[in-house]
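One structure below.
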Amino acid sequence: MSFSAYSRHLFLFLMIGVWPILFAKYFGPIGLVFIALSCFTVLGTVFIYLKKRFGYPILPIFLIAVVIFTSTSDNNNAGQVEISKVDDRENLGDNFEMWIRERALTEDTIKVSLISAEGGGLRSAFWTYAVMRKLQLDNPDFYRHLYAISSVSGGSVGTALYCTEQFTGLSNQLNEAPILNNDNLSPMLAALFYRELVQSILPVDIDDLDRSKVMDETFETFWRHKHAQSTLWGDNYLQLWKHQKKLPALFVNSIHVENGANVVLSNLKFDTTEIQCVDMLHFAKDNLSLSKVVGISSRFPYLQPPARFKNPDGTTWGHLADGGYYENSGVYTIYQVYLALRKRVGKMIWNNKVPVIKFNILLLSNGDETRPNEPAFFLNEMSSPVNTLLNSWYTKGYSYAHIARATVNLINSNDHFFEIRLDRGKHTIPLGWFLSGSSTDEIIRQAESLNSNPAYTLFIAFAF
């Protein structure tokens, strides 16, 4: 291979690795994979040359070093915890009671909407945003009735986009919405194949090589492409409610890698004996941006690394990963929020009577509820443990949805549970961070025809 060929590969490697958001889009996901493979081939020829030149097996030594360095380098730093931190966020119960009192001035019966946004990559992000946008356009009172949203993975992206567009105005057309109609996958692949390769051969952390930062910056960049004067996605997460307190409360779900606990990042503090999870912002430093919080919830396996949080002394407190690992529907959290709020309602006495409050829980789902009931074709004994683990994890969220659906109306006859599902029966819409034109068109078609969807019309009948 000539010197000029080596130079071209090095140029491409540096160009894509240093500016992944700017240049990755020109090559696309498949192009980036082939370029990465060609760069690895060049690297292989270097190893072969060095072995012939010095007589040592350089490649095995290199691979052993990479494995060893994983114990000394972990550059995926998301933030720091402060165990003795003063938590000045508003309490969930107090916030809800104030929210109710504002509406009680003009309404005798107060209807409260709680939404759960299922995960599923860009597919769920698009569906979540599309349904909530449709609800607001069809029913201007929707936003006034919406109190809280529990979101997971891609559902967190769609939820955050819906909330931030309350500042800028909803997109006129679904195919004009920022982030959802962009290639989010290419910058992430560029960071994985190029930046991560450099970090893997270094024994120390280099923060600028953290590939999760590319995901955050991708969201912020695509947001600014549509709203040039807005920096909301790069701003402090908790400051959103300082600008416009009418935003719904957000319960963004993640998981603690080391102990498997459900983790929630919310603008409100809450009693963790009522909502059983780790209240992350109770002790995490208040410097997380909106894109970082959304990114923590949507760390797609292997494509994005778990987010590392440090103790004040620099040691690792733990890692947070995609919320879908724990439970992908978000119902686990929103159901507990509902129970806590319903309990609070029982303590509200105004003018010697309890106000009439009706809760409507809405699940926005995009997955297939049932799994193929087919035995393994071969190696059944070896594959059964893995299949059992994956299938039980997959159905976990729907089990919580079934519990909520069966019990909400029994807890209080005024309360109801609804589900609006993306129909994937006739059109394959894959899970990932890139949607084809046909997949996008199908989601838009279903969103725009929701008025003929029985679940949608039933929710509207009860919620407004």
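The values are calculated or read from the model by the stated rules, or taken from the named source; none is laboratory data. If you're wondering where the values come from, they're calculated on a predicted model, not measured in any experiment. No Cβ is skipped: glycine too gets one built from the backbone with ideal geometry, and neighbour counts run over all protein chains shown. The accessibility values were calculated without ligands, DNA or RNA, using every heavy atom of the protein model including side chains. Shrake-Rupley method; radii C 1.70, N 1.55, O 1.52, S 1.80 Å.
Which FRET efficiency, nearest 0.05, do T106 and D208 yield, Cβ-Cβ r, R0 45 Å?
Details: r = 52 Å, r/R0 = 1.17.
So, using R0 = 45 Å, E works out to roughly 0.30.
Report, in listed order, any pair from K111/K285; K111/K396; K242/K310; K25/K242 with a Cα-Cα distance greater than 31 Å.
Working: K111/K285 35 Å; K111/K396 29 Å; K242/K310 27 Å; K25/K242 35 Å.
Over 31 Å Cα-Cα: K111/K285; K25/K242.
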Distant-in-sequence amide H partners of S289 (H built 1.01 Å from N, under 5 Å): Y237
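Heavy-atom accessible area per residue, the chain, 1.4 Å probe: how many Å²?
On the way: 21610 Å² over 464 residues.
Each residue of the chain exposes 47 Å² on average to a 1.4 Å probe.
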Taking trypsin sites (Lys or Arg not before Pro) as candidate sites, keep only those in a DSSP loop with at most 14 other Cβ atoms within 10 Å, then name the longest stretch of the chain containing none of them. 86-244
Protein chains only, probe 1.4 Å: how do D286, D216 rank by accessible area, largest first? D286, D216
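Give me the compactness ratio for the range 81-126, meaning the Cα radius of gyration over 2.2 N^0.38 Å.
Working: Rg = 17.0 Å, N = 46, 2.2 N^0.38 = 9.4 Å.
Relative to the 2.2 N^0.38 Å estimate, the range 81-126 comes out at 1.80.
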Express in Å², to the nearest 10, the accessible area of E220 obtained by rolling a 1.4 Å probe over the protein heavy atoms while all chains stay in place. 40
Give me the one-decimal nm value for the distance between modelled label points at S438 and I68, 7 Å along each residue's Cα-to-Cβ direction. 5.1
Starting from the Cα of S392, step 7 Å toward the Cβ, then list every residue of the range 324-363 with an amide N under 17 Å from that point. 325-328
Quick one: accessible surface of W99, probe radius 1.4 Å, all protein chains present, in square angstrom to the nearest 10. 30
Give, in nm to one decimal, the length gained when the segment between N77 and Q239 is fully stretched (0.36 nm per residue of separation minus the Cα-Cα distance). 56.2 nm
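For the chain, what Kirkwood radius comes out of the mean inverse Cα-Cα distance, in Å? Spell out each step's value before the answer.
Numbers: mean 1/r = 0.0420 Å⁻¹.
Result for the chain, one decimal place: 23.8 Å.
Which order do L422, L14 take by accessible area at a 1.4 Å probe, largest first? Before the final figure, lay out the partial values.
Details: L422 5, L14 90 Å².
Accessible-area ranking of L422, L14, largest first: L14, L422.
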Could you order F462, F69 by accessible surface area, starting with the largest, using a probe radius of 1.4 Å? F462, F69
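Accessible area of the chain with a 1.4 Å probe: how many percent of it is carbon plus sulfur? Let's see the in-between values first.
Working: 12800 of 21610 Å².
Of the solvent-accessible surface of the chain, carbon and sulfur hold 59 percent.
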Treat each spin label as a single point 7 Å out from the Cα along the C-beta direction, and report the S7 to N414 distance in nm. 7.7
Spacing of the two label points (7 Å from each Cα toward its C-beta) at L14 and F40, in nm: 2.4
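Can you pull the Rg over Rh of the range 80-236, Cα-only, Kirkwood? Walk me through the numbers before you get to the answer.
Details: Rg = 19.2 Å, Rh = 18.2 Å.
When Rh is taken as the Kirkwood radius, the ratio is 1.05.
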Efficiency of FRET from Cβ geometry, E448 and A406, R₀ 35 Å, rounded to 0.05: 0.65
Between A461 and V257, what's the calculated FRET efficiency when r is the beta-carbon distance and R0 is 51 Å? Round to 0.05. 0.75
Would you please state which residues of the range 82-117 a label at K246 would reach in this model, taking the label point 7 Å out along Cα→Cβ and a backbone N cut-off of under 19 Å? 95-108, 110-115
